[in-house]
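The values are calculated or read from the model by the stated rules, or taken from the named source; none is laboratory data. Note that the coordinates shown come from a computational prediction; the quantities given were computed from them, not determined experimentally. As a convention, Cβ positions derive from the backbone with ideal geometry for all residues, glycine included, and neighbour counts pool all protein chains shown. Keep in mind that these areas ignore ligands, DNA and RNA; they rest on the heavy atoms of the full protein, side chains included. Shrake-Rupley method; radii C 1.70, N 1.55, O 1.52, S 1.80 Å.
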Amino acid sequence: MPDDQRARAEAARGFMPIDEGLALHAAASAAPVDGPWLEVGSYCGKSALYLGYAAEARGATLFALDHHRGSEENQAGWEHHEPDLVDTDIGLMDTLPIFRRTVFDAGLEGTVVALVGDSTTVARHWSTPLSLLFIDGGHGHEPAHADYDQWVPKVAIGGVLLIHDVFPDPADGGRPPFEIWTRAIESGAFDEIGVTGSLRTLRRTGVGQ
Ligand code: SAH
Ligand code: MG
């Protein structure tokens, strides 16, 4: 990853550690580009830069899906709450302005397309096979499994599936991302091709979910 891009991605607001961001960029750089790429959960755009720079270099397009109202763990009173991200007029989080600015400043507006809405609603209308899918949306049981149920079948054979915040030891973090990673492995349709921190990289080798 070129130094200027790396510096910009590292400086972007968010919670992704540098080694995992670089692994995300490396996995994307080796992913197929015949279909679109999609991330579920964009927040302020940090992971979208790691993926987006790889997409730009390869001529791919990254769809960055988020309702921009925050996950459970981003709401007031939770561990990952950032009070300045609340739209005080309506009392709800709004990360879209920061996301948009991050992508603009990175020069990636031609490569990263924001999809603003609920993951389940968008998935219901999405039929194009994906060459890359990054799952980092809601980490509760229901949203994580819904993302798995609705998006993973859309990964094309040979396509790359990345799952963030996979913690085999419950002491390190919540279970649902680990549970959906387990589902992918147990489906027999994916090979694991990379592990960096809590980021797991898999490739679809067969049908099934
Ligand atoms: N990938 C980002 C962090 C994402 S945080 C990074 O590493 O930089 C998780 C995001 O998922 C939040 O921004 C939240 O708004 C979004 N999210 C949670 N549930 C969602 C849903 N059902 N539909 C769309 N977005 C959702
Ligand atoms: Mg994450």
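For the criterion of being modelled with pLDDT of 95 or more, of a type outside the set (A, V, I, L, M, F, W, C) and away from ligand 2 (no atom under 16 Å from the Cβ), residue 32 passes. Residue-level check: of (1) of a type in the set (A, V, I, L, M); (2) in contact (Cβ under 8 Å) with a residue 24 or more places away in the chain; (3) open to solvent by 10 Å² or more (accessible area, probe 1.4 Å), residue 130 misses just (3). For the range 71-86, a residue qualifies if it is open to solvent by 20 Å² or more (accessible area, probe 1.4 Å) and not acidic (Asp, Glu), and the qualifying residues are 71, 75, 76, 77, 78, 80, 81, 83, 86. Can you find, within the range 1-19, the residue that is nearest to ligand 1 (Cβ to nearest atom) among those that are open to solvent by less than 60 Å² (accessible area, probe 1.4 Å) and closer than 21 Å to residue 60 by Cα? It comes out as 9. On the basis of being away from ligand 1 (no atom under 11 Å from the Cβ) and crowded, with 16+ Cβ neighbours inside 10 Å, does residue 112 make the cut? So residue 112 fits the description; yes. Of the set (1) out of contact with any helix residue (DSSP H, G or I) (no Cβ under 9 Å at 6 or more places or on another chain); (2) not in a helix (DSSP H, G or I), all apply to residue 16 but (1).
Here 191, 149 are screened, and the one residue that is part of a helix (DSSP H, G or I), under 23 Å from residue 36 (Cβ atoms) and open to solvent by 40 Å² or more (accessible area, probe 1.4 Å) is 149.
For the range 131-163, the set of residues classified as in contact with a Ser or Thr (Cβ under 8 Å, 6 or more places away or on another chain), charged (D, E, K, R) and either more than 23 Å from residue 30 (Cα to Cα) or within 15 Å of ligand 2 (Cβ to nearest atom) (or both) consists of 136, 147, listed by residue number.
Considering the range 152-166, the residues that are touching a Phe, Trp or Tyr at 6+ places or on another chain (Cβ under 8 Å) and closer than 22 Å to residue 125 by Cβ include one that is most open to solvent (accessible area, probe 1.4 Å), namely 154. Can you name the residue in the range 20-40 that is under 23 Å from residue 157 (Cα atoms) and not hydrophobic (A, V, I, L, M, F, W, C) and, of all such residues, is farthest from ligand 1 (Cβ to nearest atom)? Ranking the candidates gives 34 first. What residue, of 102, 121, is assigned to a helix (DSSP H, G or I), surrounded by fewer than 18 Cβ atoms within 10 Å (Cβ to Cβ), within 10 Å of ligand 1 (Cβ to nearest atom) and over 15 Å from the mean Cα position of the chain (by Cα)? It is 121.
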